[in-house]
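One structure below.
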Amino acid sequence: MSDRERMRELARRGGHAKAAKLRAARGQLEPLGGTIRELAAALGAFQEPSWARWWAFLGALFALPLEAGEREAFRRFTGRDAPPAAPTGEAWVIAGRRAGKSRIAALVAAYLAACRDYRAVLSPGERGVVMALAADRAQARVILGYVKALFAHPTLAPLVARRLRDSVELRTGVAVEVHTASYRSTRGYTAVGAVLDEIAFWPTDESANPDAEILAAVRPAMATVPGAVLLAISTPYAPRGELYRAWERHYGRAESDVLVWRAASRDMNPGLSAGVVARAYEDDPAAAAAEYGAEFRRDVQAFLDAEAVRAVTVPGRRELAPQRSVAYVAFADPSGGSADSFTLAIAHVAGGRAVLDVVRERRPPFSPDDVVREYAEVLAAYGLARVTGDRYGGTWPAERFQVHGIRYEPSALPKSDLYRALLPLVNAGRVELLDDRRLGAQLAGLERRVARGGRDSVDHPPGGRDDRANAAAGALVLAAPARAPFLFGSGGSYRLDRDEEPRVEEPDPADALDADALRRAGGVWFPGEAWPTAGEPVERGRFTGDPRPPLEPPKDPDADGGP
């Protein structure tokens, strides 16, 4: 051994000796050791016959011997012939509601924190963390509540150093902590384990792919810890995301080192009422097949492709300043200030594209009157005396905007129709979006759902939001240049029908505009208004001074190779 190696060895021993003294001073205890079966037996928990299928899963996860019935359950719910020969570092459980997922996740978290020894990989003063991640803290605390109940047992209680609102710190140098589903909040930790609860329903406000980004942050945090376990548990939803991807890639694959277990609710919890499940299938078979049958929903699909959204996003463009020579339109999505955001979007048409100029959002809590006043000032700055919006709150939005000289008009199209009208514009590259992360995530997260009657709807996913997306879609559809050919009588009218996709129709000659009427209108038409006709006075915006320049007739897109 060289002198340098000898010095390193002495330093290493000195570090461990110092850490041992520190643990003794703090009353740090040795981990319990043993298997998860032995821990559950000591706790007197999960011993009822109804947990038998879960023990088949846990036995496979930790490479414990399986009995004949457990091996049969393993083959049935994993699609594999033989269980893993070594403990699995990553597992995905796709199971229906009320199957017992959260309680099993709590048992796994308690076992990793109380029984495993991580002293060889944790530096002096470093604390290992078992993360419990969910859509929000309230949901993550469900698992933490089960964990706290387990550590109240006399077998585990001596290990507890501190019980905090969002964590349980142990004298073993490990803590079980609650984390929200955010890639930002999961960095900087040494994770000895992670439980991802209901990953199929994580919110999409900050990212179009929150599950992928969080996994990209969690996996490196576990990379230096031998025996670390990542357990994702969820009821399935749409056929997309990391849960669906794990099922596609690893289910039934004997060569894979990732375990995927898929089972219906009553397969994992025989005590669940058969009548409850049967009534759910009668009411909505597609929803019940996911909620209780652990099947991915085929009646829910992504509405806008994330790549298409990125393709029409202008990098670095946060907002466009008002221009006196531009005719703008605006759309608002009001809120009462306690639950949803109050949003406003402004757009205009340029170069054959609908251009998004402004997206403003006020998140709750807020005073609705204060937001109306603020947005009225923004509208005035863009020369607007009117704003279109959804039919929220009856006459309240119109009355409050009118106080500030702004005319509020309910949209002639419901939200789903606005999104359907936006779809071809995005796919054809005929819009320009602001570089707004939340807006892009909300647009890419929209879902098309097919109702039992066959009519589809477009909305945000469960637990998600679309306040910014709704306002932006409304403004862009109002500004969409597809209406201009009608005004000039050169290409037909752009009509948005409730039950059909947008289409072009031949104009009625009685509705044709002459050039003077078009100039007075400023090239703007609002849904719900009658078409202006020659000689009809048209209300103008608030811009004063030089008249707006005459509008050039729109070009035929097919003539110059446009979309």
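Listing Asp81, Asp467 from fewest to most neighbouring C-beta atoms within 10 Å gives Asp81, Asp467. Each residue, Ala157 and Ala254, gets one label point 7 Å from its Cα in the Cβ direction; the gap between the two is 4.9 nm. A Förster radius of 56 Å, combined with the Cβ-Cβ distance separating Ala42 from Arg407, puts the computed FRET efficiency at roughly 0.20. By other beta-carbon atoms within 10 Å, ranking Tyr382, Tyr251 with the fewest at the front produces Tyr251, Tyr382. Expressed in Å, the radius of gyration and Dmax of the Cα atoms of region 325-370 are 13.2, 40. Other residues lying with their Cβ under 11 Å from the Cβ of Ala347 contribute a combined charge of -1, Lys and Arg counting +1, Asp and Glu -1. Where the centre of each part is set by its Cα atoms, how far does region 102-157 sit from region 309-345, in angstrom? Going from one Cα centre to the other spans 43 Å. Rounded to the nearest 5, what is the percent of antiparallel bridges among the DSSP beta bridges in region 86-291? Close to 20 percent.
Overall shape: oblate for region 85-140, with the ratio a/c of the largest to smallest alpha carbon gyration tensor axis at 1.5 or above and b/c at least equal to a/b. When a/c is below 1.5 the answer is rounded, else prolate if a/b is larger than b/c, else oblate, so apply that to region 86-291 with a ≥ b ≥ c taken from the square roots of the Cα gyration tensor eigenvalues. Note, shape of region 86-291 comes out prolate.
Per-peptide packing, taken as the mean over residues of other Cβ atoms within 10 Å, places 259-269, 408-418 in the sequence 259-269, 408-418 from highest down. Each residue in Ile214, Ile346, Ile406 was given a count of other beta-carbon atoms within 10 angstrom of its own, and listing them fewest first yields Ile406, Ile214, Ile346.
Computed from the Kirkwood radius of its Cα pairs, the Stokes-Einstein diffusion coefficient for region 266-320 at 10 °C and 1.306 mPa s stands at 109 µm²/s.
Rank by packing, highest mean first: peptides 321-334, 230-243, 105-118, with packing defined as the count of other Cβ atoms within 10 Å averaged across residues.
Ranking, from highest mean packing down: 105-118, 230-243, 321-334.
Taking amide hydrogens as placed 1.01 Å from N in the peptide plane, the amide H of Asp136 sits under 5 Å from those of Ala181, each at least 5 positions away in sequence or on another chain.
Each reported figure results from applying straightforward, stated rules to the coordinates on display, with no laboratory input. Because the structure is predicted, anything quoted here is derived from the model rather than measured. Cβ coordinates were reconstructed from backbone atoms using ideal geometry, including for glycine residues, and neighbour counts include every protein chain displayed.
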